[in-house]
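> Dropping a structure here in structure tokens format, bear with me for questions.
The values are calculated or read from the model by the stated rules, or taken from the named source; none is laboratory data. Please read these numbers as outputs of a predicted model, since none were measured by experiment. Cβ: placed from backbone, ideal geometry, glycine included. Neighbour counts: every protein chain shown. The area values use the complete protein model at the heavy-atom level, side chains included, leaving out ligands, DNA and RNA. Shrake-Rupley method; radii C 1.70, N 1.55, O 1.52, S 1.80 Å.
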Amino acid sequence: MADNSIDVKGLYKIFGSNGKKYIEAVQNGMSKDELNAKHGHVLGLKNINITMPSAKIQVIMGLSGSGKSTMIRHINRLIAPTVGEVMFQGVDVCKMSETDLREFRRHKTAMVFQKFALLPHRTVVKNALYGLELQGIDKKEAEERARHWLQRVGLDGFEDRYPNELSGGMQQRVGLARALTNDADILLMDEAFSALDPLIRTDMQAMLLELQEELHKTVVFITHDLDEALRLGDRIAILRDGAVIQQGTGQEIVLNPADAYIADFVKEVNRGRVIRVDTIMETAENGTATVSIPSGSRLENVAKLLSDSGETLANVVDDKGITIGAVSMRSTIEAMVTPAKH
Amino acid sequence: MGIRSFVTTELSLTEFPELGRTDLRNLKKGIDEAFKGFTRNYGEGIEDLFIPLLRFLVWFEKLMLATPWPLMIVILCALVYAGARNWVLVVGTATVLLVAGYLGMWEDMMKTLSIISVSTLICIVFGIPFGIMMSKSNRTQAIVTPILDIMQTVPSFVYLIPIVMLLGIGRVPGLMAVCIYAIPPVVRLTNLGIRLVDKDVLEAADAFGASSRQKLFTVQIPLALPTIFAGINQTIMMALAMVVVAALIGVQGLGGEVLKAVNNQYLALGLFNGIAILSIAIVFDRVSQQFGKRLQKHSEVIHG
Ligand SMILES: Nc1ncnc2c1ncn2[C@@H]1O[C@H](COP(=O)(O)OP(=O)(O)O)[C@@H](O)[C@H]1O
Ligand SMILES: [Mg+2]
């Protein structure tokens with residue numbers, strides 16, 4: 001399988017008429033507020049280095065104004081950096097010519113937007129085939145492919161409706177179908193589910209995970225919601241004031257928050273849903289338990305198994321069924337409650 | 001003494017310090033002569049330039065007059081239905097045409113419809129691309145806006161003079177006068193409509209790799225269309241408002257009859273033709289409004 005990782009290196013973005021001029025000052029530690037007060041420029045991103053793994057979901061999380069939208073727009077260069085690189089398949093997106101960039105956007109990337117950004121004058125199917133139309137693909141083929149993806153996101157029967165006849169959740173399904181129809185390696189999602197009601201949002205998350213099981217796209221998913229980040233993200237990067245303050249797997253971040261700010265963020269998290277059994281299992285014990293659970297399971301599943309079966313100990317087995325350790329009810333519950341020190 | 005003579009001879013506050021009589025006459029004469037010279041040298045060439053337009057105008061008018069009246073009524077009613085999807089308007093249109101014809105205004109009405117259609121067409125063909133150009137650059141907008149203001153506010157009689165000097169009297173100068181007055185709304189509203197297009201949708205087009213041409217035709221124009229149509233509606237109304245003025249320089253039709261009525265104090269003639277112009281205006285207005293409304297049907301974005 002091709003390597004579709006995205007490598008963001010030393011990325012800075014300073015908004016304003018002459019951002020380049022202040023790069024050095026920022027590199028030497030000038031703060032966002034100082035830059036704005038003294039020079040009237042806005043520091044958007046500061047020294048971003050993220051390797052987004054191929055065929056995985058990379059979440060970028062942060063509060064409003066932390067630079068998430070700015071960050072994701074660098075990947076398809078809707079925003080050009082002040083300095084830095086965005087490498088994909090050996091090419092720096094930031095250095096592409098206009099034509100190459102257009103081809104890159106047409107064939108390698110697809111994007112889903114927070115406010116859906118559908119074409120209101122077009123029917124659902126005409127929205128879904130928009131990317132293919134821009135590529136100049138034959139109308140009939142484009143429509144076939146669009147219908148296929150509309151069906152995959154659960155919109156069959158709605159092909160000839162207009163976006164404003166649909167609910168928000170359904171509109172975003174159209175947005176997702178439009179992106180999937182493009183058949184691109186990179187899927188960019190800027191707070192794609194943030195505008196939706198909680199229940200619909202959970203549905204959409206499940207759908208995305210299900211699709212990803214078979215599609216293996218490199219997904220960059222923006223959210224301000226930690227639960228969403230933990231549920232979707234294979235890797236998570238946390239942004240604050242335009243800088244990455246921590247990155248890693250969800251479990252790494254929950255178990256070892258880099259600073260008080262992140263610790264504050266993660267303290268309300270449902271740890272049973274984040275921490276994997278492998279983290280707390282003990283390798284010594286062997287064979288005493290009568291129930292077993294696959295390696296990589298989340299603690300809430302372990303707890304459920306143990307309480308359902310009435311056991312206090314479970315074996316942890318790898319994908320070949322070989323026991324690699326064991327976990328007790330006690331250590332499971334201990335790991336699931338928030339440690340008092342935070 | 002020095003002060004006194006200064007005040008009276010050089011800066012009287014009751015009499016405006018005008019340019020001397022001869023100087024003023026020479027200035028005006030100079031301008032007139034210069035333009036006459038220009039007309040003498042280039043007038044014919046410019047007139048020749050407009051020959052295809054004149055031919056088209058004459059052809060179109062003849063076509064409308066040569067079409068049997070029942071067929072014409074059917075065609076016009078069909079157009080009204082296609083635009084407005086409204087039977088009341090269709091019946092109204094048929095009634096207006098029948099009554100006008102019965103009262104002896106058929107020919108003039110066709111002539112007026114012909115010149116209005118052609119001038120609207122010209123305004124659209126030039127106005128929309130111009131509006132698009134204007135929307136692409138703030139500088140163009142800054143330059144064009146005052147020009148459009150002038151075109152709309154300067155009394156049309158003022159630019160009738162050079163047009164008549166250059167092109168004489170007839171359909172083409174009439175058409176020019178109508179277009180100068182009527183084109184600003186469609187330019188302005190095309191520009192406005194494109195500038196108001198939802199930035200998010202435009203960004204989505206960019207993200208999927210649309211070229212600027214593709215953006216124009218798949219996003220900007222379709223989304224601006226209701227606004228552009230409001231401009232076309234105003235353009236038609238302004239063109240109709242000009243038919244009497246255009247009659248002054250030889251455009252035949254209902255406007256010419258109104259002019260005749262004014263000159264001879266024929267009350268009924270003026271009234272009939274005036275009402276005919278008004279009826280055309282109402283029909284055009286309603287049809288283009290309904291059409292615009294239908295275009296807009298799906299344009300409002302609703303979240304949630
Ligand atoms: N075009 C711009 N010009 C100036 N400042 C901008 C621009 N776009 C974004 N910013 C600033 O950059 C910061 C990050 O914005 P954004 O990336 O939209 O944040 P988020 O998506 O995380 O809410 C904010 O302070 C915002 O005001
Ligand atoms: Mg944002």
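> Under 1.5 on a/c is rounded, so check that first for the range A:273-336, then, if it is not, pick prolate when a/b is larger than b/c and oblate when it is not; a ≥ b ≥ c are the square roots of the alpha carbon gyration tensor eigenvalues.
The shape class here is rounded.
> How much of the accessible area of the range B:1-111, probe 1.4 Å, is carbon plus sulfur, in whole percent?
66
> Quote the accessible area belonging to B:Y181 in square angstrom, nearest 10, computed with a 1.4 Å probe and with ligands, DNA and RNA left uncounted.
For B:Y181, the solvent-accessible surface is approximately 60 Å².
> Tilt of helix A:139-152 relative to the longest C-alpha principal axis of chain A, in degrees (0 to 90, nearest 10)?
Around 30 degrees separate the two axes.
> Where the accessible area of chain A is counted over protein heavy atoms with a 1.4 Å probe, how much of it, in %, is carbon and sulfur?
Carbon and sulfur atoms account for 47 percent of the accessible area of chain A.
> Nothing charged except the Cβ atoms of Lys and Arg (+1) and of Asp and Glu (-1): what's the magnitude of the dipole of the range A:273-336 about its Cα centre? Round to the nearest 20 debye.
160
> With point charges of +1 on the Cβ of Lys and Arg and -1 on the Cβ of Asp and Glu, referenced to the Cα centre of the range B:43-303, which listed residue (B:P155, B:I282, B:G45) lies farthest in the positive direction of the dipole?
Selected residue: B:I282.
> Under a point-charge model restricted to the Cβ atoms of Lys and Arg (+1) and Asp and Glu (-1), what is the dipole moment magnitude of the protein assembly as shown relative to its Cα centre, in debye to the nearest 20?
It comes to approximately 1800 debye.
> Working with all protein chains in place, sort B:W59, B:W87, B:W106 by solvent-accessible area computed with a 1.4 Å probe, largest first.
Result, largest first: B:W87, B:W59, B:W106.
> Does the range B:43-303 come out rounded, prolate or oblate, given a ≥ b ≥ c as the square roots of the eigenvalues of its C-alpha gyration tensor, rounded meaning a/c under 1.5 and, failing that, prolate meaning a/b above b/c?
It comes out oblate by the Cα gyration axes.
> Taking the Cβ-Cβ separation of B:S212 and A:T288 as r and a Förster radius of 60 Å, what is the calculated FRET efficiency to the nearest 0.05?
Step by step, r from the Cβ atoms, then E = 0.30.
> So, counting K/R as plus one and D/E as minus one, what does the shell of residues with Cβ under 13 Å around A:R105 add up to?
Net charge in that neighbourhood comes out at 0.
> Here is a further query. Among B:I116, B:A82, B:M64, pick out the residue whose Cα is farthest towards the positive end of the charge dipole of the range B:1-126, where Lys and Arg carry +1 and Asp and Glu carry -1 on C-beta, about the Cα centre.
In the range B:1-126, that residue is B:A82.
> Can you give the accessible area buried between chains A and B, summed over both chains, with a 1.4 Å probe, in Å² to the nearest 100?
2300
> Would you give the gap between the C-alpha center of the range B:81-132 and the C-alpha center of the range B:238-287, rounded to a whole Å?
After rounding, the separation between the Cα centres reads 14 Å.
> With a 10 Å cut-off between alpha carbons and a GNM built on chain A, which of A:N47, A:N182, A:N28 moves the most?
A:N28
> What size of dipole, in debye to the nearest 20, comes out for chain B about its Cα centre when the only charges are +1 on Lys and Arg C-beta atoms and -1 on Asp and Glu C-beta atoms?
Roughly 340 debye for chain B.
> How much solvent-accessible surface does B:V91 expose, in Å² to the nearest 10, with a 1.4 Å probe and all protein chains in place?
Surface open to solvent at B:V91 totals about 90 Å².
> Then there's this: Any idea what the relative contact order of the range B:43-303 is, in percent, if you count C-alpha pairs under 8 Å spaced at least 6 apart?
Relative contact order of the range B:43-303: 24 percent.
> Counting heavy atoms of the protein chains only and a 1.4 Å probe, report the per residue accessible area for the range A:124-167 as a whole number of Å².
Roughly 50 Å² per residue, with all protein chains present.
> Hey, another quick one. At what distance in angstrom do the alpha carbon centres of the range B:171-190 and the range A:275-324 lie from each other?
For the range B:171-190 versus the range A:275-324, the Cα centre distance is 82 Å.
> If you take every residue apart from B:G250 with its C-beta less than 15 Å away from the C-beta of B:G250, what net charge results, scoring Lys and Arg +1 and Asp and Glu -1?
-1
> What is the distance in Å between the Cα centres of the range B:18-75 and the range A:151-192?
56
> Taking a virtual spin label 7 Å from the Cα of A:Y261 along the C-beta vector, which residues in the range A:200-234 bring their backbone nitrogen under 16 Å of it?
Residues A:224-226 qualify, since their backbone N sits under 16 Å from the label point.
> Counting only complete DSSP H runs, which helices of chain B cover 18 Å or more along their long axis at the Cα atoms and score a mean Kyte-Doolittle of 1.6 or above?
B:69-84, B:87-102
> Give, as ranges by residue number, the residues of the range B:117-157 whose backbone N falls under 18 Å from the point 7 Å along Cα→Cβ of B:I75.
B:117-122
> Compute the orientation-averaged projected area for chain A from the convex hull of its Cα atoms and round it to one decimal in nm².
Seen from a random direction, the Cα hull of chain A projects 21.1 nm² on average.
> Can I ask one more? Once both labels are modelled 7 Å past Cα along the beta-carbon direction, what's the B:A94-A:D227 spacing in nm?
6.4
> OK, next. Calculate log10 I(q)/I(0) of the range B:1-151 for q = 0.10, 0.18, 0.20 Å⁻¹, where I(q) comes from the Debye formula with a single equal point scatterer on each Cα and nothing for solvent.
-0.73, -1.15, -1.21
> Using helices alone, I'd like the mean residue ellipticity at 222 nm for the protein assembly as shown: each DSSP H run of four-plus residues gives -39500 (n - 2.57), total over residue count, nearest 500.
-18500 deg cm²/dmol
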